[in-house]
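The values are calculated or read from the model by the stated rules, or taken from the named source; none is laboratory data. Quick caveat, the model's predicted, so the values are computed rather than measured. Every residue, glycine among them, receives a Cβ derived from its backbone with ideal geometry; neighbour counts consider all protein chains shown. The accessibility values were calculated without ligands, DNA or RNA, using every heavy atom of the protein model including side chains. Shrake-Rupley method; radii C 1.70, N 1.55, O 1.52, S 1.80 Å.
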Amino acid sequence: MSVRHKLEGLLSLGTSFQASQVLFESVRLGLFDLLDAAPLSAASIARRLGLAPAALGRLLRVLLEMEILQKKTSCYRNTALSKKYLCTNSPWSIGDFFIHRQSLQQPWSELKASLKNNFMVRPNRNRLADYPRQLKKFTNAMDALGRLKSEHIRELLPIEDHHSMLDLGGGIGTYAISFCKRYPGLHGVVFDLSNVISFARRNILKAGLQKKVSVAAGECLADDLPPGPFDLVFISNLLHIYNETDCIRIVKKAAAVLAKGGILVVHDYVFGIGDSVSVSLFDMTMLIGTPQGRCYEHTDITRWLRTAGIKKIQSAEILAGTSILWGLK
Ligand SMILES: C[S@@+](CC[C@H](N)C(=O)[O-])C[C@H]1O[C@@H](n2cnc3c(N)ncnc32)[C@H](O)[C@@H]1O
């Protein structure tokens with residue numbers, strides 16, 4: 001890569017927050033949903049969203065330049081990309097993921113303090129008081145991204161003849177729902193903290209899978225896991241919250257409830273497999289936002305799996321920095 005090209009890249013890092021903000025605010029305003037109903041002129045959009053027409057015109061121009069919107073005659077409309085990924089009605093919608101990303105701007109603005117103390121900054125009062133709303137936003141964001149990734153992960157795993165699955169730290173059941181929908185013989189249990197489990201219950205009901213996917217509330221380090229034995233134990237985006245000692249315990253407990261010949265899967269941001277810039281940035285997010293969380297090396301997770309009795313370990317990159325490692329008991 002030429003020096004000039006590298007310089008362009010460096011300079012664009014300085015403005016990428018502006019592009020993010022345009023995207024976040026457009027999602028938050030419901031712009032893409034509005035255009036999903038019908039193409040509209042700038043004046044109509046401004047009227048419906050209660051915005052200043054001149055300022056909105058400038059925002060729309062950025063979205064046109066980024067090829068997120070298109071314009072025909074004088075009307076703005078969604079591109080195939082924004083229709084598929086940014087409209088709430090689409091099954092592939094990742095709008096909630098961007099809303100969550102926007103909420104990370106405040107903790108990221110405290111980076112200097114985390115760098116000094118090697119510790120997250122305690123959330124301020126307003127943020128703590130807003131926790132229930134933040135939790136809903138967070139679980140929706142995880143679900144949005146998970147729905148995109150689950151199909152790819154599902155296709156990589158030889159689970160078509162499996163009967164039981166434990167989705168450990170399963171959030172609102174994104175992966176259990178996806179896998180159990182695809183394989184008629186598979187039943188799942190979503191294990192998570194009690195305040196998340198109430199959202200999971202609603203999500204499972206919404207998917208019409210209440211006969212195939214059940215829930216169990218608990219704390220995976222202190223409490224017993226559902227006894228199983230399960231043909232598949234899936235640990236997605238849980239280990240990065242914890243220190244190494246806790247991760248080893250979680251993997252060991254997961255392997256203990258796995259049937260002989262069953263598959264243990266770790267899905268996470270893993271150094272050495274996923275896109276290294278995305279993984280290292282996610283690692284910083286864990287520094288800023290969790291007491292002890294971090295991203296781990298491929299070799300660390302492989303060692304924990306082996307120690308827990310898991311063999312024939314394989315790995316694959318998934319999307320947006322995450323990867324899976326899986327093996328058999
Ligand atoms: C980052 S989210 C991942 C959700 C989902 N597995 C996914 O990949 O989309 C981590 C989940 O683990 C749950 N969790 C964190 N610590 C836990 C613990 N000690 N016991 C049970 N669940 C836990 C959280 O409540 C949250 O739902």
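Screening the range 145-167 for residues that are of a type in the set (A, V, I, L, M) and within 14 Å of the chain's Cα centre (by Cα) and picking the one that is nearest to VAL266 (Cα to Cα) gives ILE153.
Have a look at GLY262, GLY272 and point out the one that is of a type in the set (Gly, Ala, Ser) and under 24 Å from ASP223 (Cα atoms).
GLY262
For the range 65-80, a tally of residues being in contact (Cβ under 8 Å) with a residue 12 or more places away in the chain and closer than 14 Å to LEU31 by Cα returns 7. Here GLU67 meets each of (1) touching a Ser or Thr at 6+ places or on another chain (Cβ under 8 Å); (2) surrounded by 15 or more Cβ atoms within 10 Å (Cβ to Cβ); (3) not in a helix (DSSP H, G or I); (4) not basic (Lys, Arg) with one exception, condition (2).
Could you tell me how many of the residues in the range 262-279 are in contact (Cβ under 8 Å) with a residue 60 or more places away in the chain, within 17 Å of THR302 (Cβ to Cβ) and more than 14 Å from the ligand (Cβ to nearest atom)?
2
Screening the range 91-188 for helices (runs of 4 or more DSSP H) wholly inside it with 2 or more residues that are in contact (Cβ under 8 Å) with a residue 12 or more places away in the chain and within 30 Å of VAL27 (Cα to Cα) returns the ranges 95-103, 105-108, 111-117, 131-156, 174-182.
Of the residues making up the range 212-227, those that are free of Cβ contacts under 8 Å to residues at least 60 places away in the same chain and more than 9 Å from the ligand (Cβ to nearest atom) are LYS212, VAL213, SER214, VAL215, ALA216, ASP224, LEU225, PRO227. Of all the criteria given as (1) more than 19 Å from LEU104 (Cβ to Cβ); (2) open to solvent by 30 Å² or more (accessible area, probe 1.4 Å); (3) without any contact (Cβ under 8 Å) to a residue 40 or more places away in the chain, the one not satisfied by GLY57 is (2). Close Cβ contacts (under 8 Å, 6 or more residues apart or on different chains) running from residues in the range 235-261 that are within 13 Å of the ligand (Cβ to nearest atom) and part of a strand (DSSP E or B) to residues that are modelled with pLDDT of 95 or more and open to solvent by 40 Å² or more (accessible area, probe 1.4 Å) are absent. Would you be able to tell me the number of residues in the range 197-218 that are surrounded by fewer than 22 Cβ atoms within 10 Å (Cβ to Cβ), outside any strand (DSSP E or B) and not polar (S, T, N, Q)? Residues that pass the stated criteria total 12.
Across the range 297-314, which residue is surrounded by the most Cβ atoms within 10 Å (Cβ to Cβ) among those that are closer than 30 Å to VAL121 by Cα and touching a Phe, Trp or Tyr at 6+ places or on another chain (Cβ under 7 Å)? Show your work before the answer.
To start, the set of residues in the range 297-314 that are closer than 30 Å to VAL121 by Cα comprises 297-301, 304.
Then drop every residue that is not touching a Phe, Trp or Tyr at 6+ places or on another chain (Cβ under 7 Å), which leaves 297-298.
Details: GLU297: 13, HIS298: 16.
Only one residue tops the list, namely HIS298.
Among residues that are more than 11 Å from the ligand (Cβ to nearest atom) and free of Cβ contacts under 8 Å to residues at least 24 places away in the same chain, ARG201 is included.
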